[in-house]
Amino acid sequence: MKRQFVDLHIRLNPRDQKTAQGIIVKAEKLGYSKVGVPNQENLAGQINNWGLQTGIDFVSRIDYKPRNQEDLTRFLRKYRRKYEIICVQCENKETARQAAKDRRVDLLNFPSLDYHKRFFDRAEAELSSKCQSALEIDIKPLLVLEGPHRTRLLSMLQREVALAVRFHVPIVISSGIFEEKFLRKPRDMASLGLLFGLGEKESLDAVSTNPVAIVDRNREKLSSSFIAPGIKLLRGGKKV
Amino acid sequence: MKRTKRRYLALQLEVESIPSEREIMDSIWAAVTRLFGEVGASLTGLAMIKFNVERRIVVIRTSLVSLLSVRASLASIVSIAGSDASVYVLAISGTLKALYARIE
């Protein structure tokens, strides 16, 4: 079966709709079938039009940087049923651990530049493995950074990916771009997985199978016929 | 001696101004060297085969063992000769004949 390619993290600037449209058209041209746009309510009308024009399936996504555990729990309670993908940007250890053990979180993202704030260690990997949250890796910093900064980032990513593979944590490779020039073909983006120790198949899964599985799982949960995992409403009966 | 297996790659360039063949190869070599070092780059056996200026398609050759490294390096290119650029792999093949058939 032909692979479906997904980029779950394309940042569109609502104030620059021309660039935003250019990115979407290019994503379609490069072979993406689904695209995740964070906080897309600012572009709601446009996104529907672009979806119709290009045939791209937009995935609603929200990114959040919680201050503490309570803040994260409150946020999840409020938004879990409204968005298909919830990504938590972990800025401290407390929220990183809480996000990893909460089943409502889909993606864990860590800051690329501040290495002290990358909390994906053994404990984090174990927790996320139990709760099916995936580790998201943005490739934009790899394209933008140079020299020692990129070397340091690659070293961190190699360590994190090795842990993720060991504990069977799904890995999602996204672009994290806001400019057209950084958008890459899905297979080219997957090839960058080699730099942090992913094999060819694992890299391709990180841009297709893994994100598709997350989107499908959440769409099923958000559908009106969903009752509980494994149980869904096929047909309604008459009220007596 | 065992023959080295090679792969030919057709690349689509997206650049503001058209670079020369030398500038393209320099940026590819620079990208490979940055990511894999001089020893890694020396194992790739990179060579320019053809540059179609009108269609902005470049055909290069590399050894099969370093195909993945070269592909990752190509994805990391963000500028050629000082202007913004993106490089996309259009097709990969073991023979030039098959490669040209695929990009025609």
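The values are calculated or read from the model by the stated rules, or taken from the named source; none is laboratory data. From a predicted model like this one, the values you see are computed outputs, not experimental measurements. As a convention, Cβ positions derive from the backbone with ideal geometry for all residues, glycine included, and neighbour counts pool all protein chains shown.
Being without any contact (Cβ under 8 Å) to a residue 40 or more places away in the chain, within 18 Å of B:Leu68 (Cα to Cα), at the interface with chain B (Cβ under 10 Å from one of its Cβ atoms) and more than 14 Å from the chain's Cα centre (by Cα) narrows it down to one of A:Leu194, A:Leu198, so name that one. Write out each step before concluding.
On the way: A:Leu198 fails: at the interface with chain B (Cβ under 10 Å from one of its Cβ atoms).
Criteria check complete, one pass: A:Leu194.
Which residues, counting only those in the stretch A:140-161, are among the basic types (Lys, Arg) and more than 13 Å from chain B (Cβ to nearest Cβ)? Spell out the reasoning first.
Taking the stretch A:140-161 first, the residues among the basic types (Lys, Arg) are A:140, A:150, A:152, A:159.
Of everything in the stretch A:140-161, those that are among the basic types (Lys, Arg) and more than 13 Å from chain B (Cβ to nearest Cβ) turn out to be A:Arg152, A:Arg159.
Modelled with pLDDT of 90 or more, hydroxyl-bearing (Ser, Thr, Tyr) and outside any helix (DSSP H, G or I) - does that describe any residue in the stretch A:201-208?
Yes; the residues of the stretch A:201-208 include at least one that is modelled with pLDDT of 90 or more, hydroxyl-bearing (Ser, Thr, Tyr) and outside any helix (DSSP H, G or I).
Suppose we filter the stretch B:37-57 for residues that are surrounded by 14 or more Cβ atoms within 10 Å (Cβ to Cβ) and either under 20 Å from A:Arg184 (Cα atoms) or among the β-branched types (Val, Ile, Thr) (or both); how many remain?
Looking only at that region, the number is 3.
For the stretch A:201-223, give me the residue count where each residue is within 15 Å of the chain's Cα centre (by Cα) and among the acidic types (Asp, Glu).
Counting residues in the stretch A:201-223 that are within 15 Å of the chain's Cα centre (by Cα) and among the acidic types (Asp, Glu) gives 2.
Residue-by-condition table, conditions (1) more than 30 Å from B:Ala30 (Cβ to Cβ); (2) part of a helix (DSSP H, G or I):
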| residue | (1), (2) |
| --- | --- |
| A:Pro66 | yes, no |
| A:Glu91 | yes, no |
| A:Ala99 | yes, yes |
| A:Pro111 | no, no |
| A:Lys130 | yes, yes |
| A:Ile137 | no, no |
| A:Pro141 | no, yes |
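Residues that are more than 11 Å from every other protein chain (Cβ to nearest Cβ) and of a type in the set (S, T, N, Q): list the helices (runs of 4 or more DSSP H) wholly contained in the stretch B:19-104 that include at least 3 such residues. Show your work before the answer.
Numbers: elements: B:21-42, B:67-75, B:96-103.
Those helices (runs of 4 or more DSSP H) span B:21-42.
Every residue in the stretch A:163-183 that is in contact (Cβ under 8 Å) with a residue 12 or more places away in the chain, at the interface with another protein chain (Cβ under 9 Å from one of its Cβ atoms) and in contact with a strand residue (DSSP E or B) (Cβ under 7 Å, 6 or more places away or on another chain), please.
Residue satisfying the conditions is A:Leu183 alone.
With the condition kept exactly as written, say whether any residue in the stretch A:208-223 is in contact with a helix residue (DSSP H, G or I) (Cβ under 8 Å, 6 or more places away or on another chain), under 30 Å from A:Lys29 (Cα atoms), within 14 Å of another protein chain (Cβ to nearest Cβ) and crowded, with 16+ Cβ neighbours inside 10 Å. Working first, answer last.
As a first pass, look at the stretch A:208-223 and keep what is in contact with a helix residue (DSSP H, G or I) (Cβ under 8 Å, 6 or more places away or on another chain): A:208.
So of that shortlist, the ones also under 30 Å from A:Lys29 (Cα atoms) come out as A:208.
Those still in the list that are within 14 Å of another protein chain (Cβ to nearest Cβ) too: none.
Looking through the stretch A:208-223, none of the residues is in contact with a helix residue (DSSP H, G or I) (Cβ under 8 Å, 6 or more places away or on another chain), under 30 Å from A:Lys29 (Cα atoms), within 14 Å of another protein chain (Cβ to nearest Cβ) and crowded, with 16+ Cβ neighbours inside 10 Å.
Considering every residue within the stretch B:5-12, establish whether at least one is touching a helix residue (DSSP H, G or I) at 6+ places or on another chain (Cβ under 8 Å), away from chain A (no Cβ under 14 Å), buried (at least 16 other Cβ atoms within 10 Å of the Cβ) and under 24 Å from A:Ala27 (Cα atoms).
no
Name the residue that is surrounded by the most Cβ atoms within 10 Å (Cβ to Cβ), counting only residues in the stretch A:68-89 that are of a type outside the set (Lys, Arg) and part of a helix (DSSP H, G or I).
Of the stretch A:68-89, the ones of a type outside the set (Lys, Arg) are A:68-73, A:75-76, A:79, A:83-89.
Applying the additional criterion that residues be part of a helix (DSSP H, G or I) yields A:69-73, A:75-76, A:79.
On the way: A:Gln69: 14, A:Glu70: 10, A:Asp71: 15, A:Leu72: 23, A:Thr73: 14, A:Phe75: 19, A:Leu76: 20, A:Tyr79: 13.
By that ranking, first place goes to A:Leu72.
If I filter the stretch A:224-240 down to residues being among the hydrophobic types (A, V, I, L, M, F, W, C) and loosely packed, with under 13 Cβ neighbours inside 10 Å, which single residue comes out as farthest from the chain's Cα centre (by Cα)? Even if it seems obvious, please write down each step before you answer.
Narrowing the stretch A:224-240 to residues among the hydrophobic types (A, V, I, L, M, F, W, C): A:226-228, A:231, A:233-234, A:240.
Cutting the leftovers down to loosely packed, with under 13 Cβ neighbours inside 10 Å gives us A:227-228, A:231, A:233-234, A:240.
Details: A:Ile227: 25, A:Ala228: 24, A:Ile231: 26, A:Leu233: 29, A:Leu234: 30, A:Val240: 45 Å.
Checking each candidate, the answer is A:Val240.
Looking only at the stretch A:201-216, how many residues end up being without any contact (Cβ under 8 Å) to a residue 40 or more places away in the chain and not polar (S, T, N, Q)? Before you say what the answer is, go through the steps one by one.
Residues of the stretch A:201-216 without any contact (Cβ under 8 Å) to a residue 40 or more places away in the chain: A:201-203, A:205, A:216.
So of that shortlist, the ones also not polar (S, T, N, Q) come out as A:201-202, A:205, A:216.
Here the count works out to 4.
Where the second residue is in a strand (DSSP E or B) and the first is closer than 11 Å to A:Gly31 by Cβ and lies in the stretch A:2-18, which pairs have Cβ atoms under 6 Å and are six or more apart or on separate chains?
A:Val6/A:Lys34; A:Asp7/A:Val35; A:Asp7/A:Ser174
Conditions first: (1) touching a Phe, Trp or Tyr at 6+ places or on another chain (Cβ under 9 Å); (2) surrounded by 20 or more Cβ atoms within 10 Å (Cβ to Cβ); (3) within 14 Å of chain B (Cβ to nearest Cβ). A:Leu135 passes all but one, so which condition is the exception?
Result: A:Leu135 fails condition (3) only.
What are the residues in the stretch A:164-184 that are in a helix (DSSP H, G or I) and surrounded by fewer than 20 Cβ atoms within 10 Å (Cβ to Cβ), if any? Quick ask: steps written out before the conclusion?
Of the stretch A:164-184, the ones in a helix (DSSP H, G or I) are A:164-166, A:180-182.
Once the filter is applied, which keeps residues that are in a helix (DSSP H, G or I) and surrounded by fewer than 20 Cβ atoms within 10 Å (Cβ to Cβ), the stretch A:164-184 yields A:Val165, A:Arg166, A:Glu180, A:Lys181, A:Phe182.
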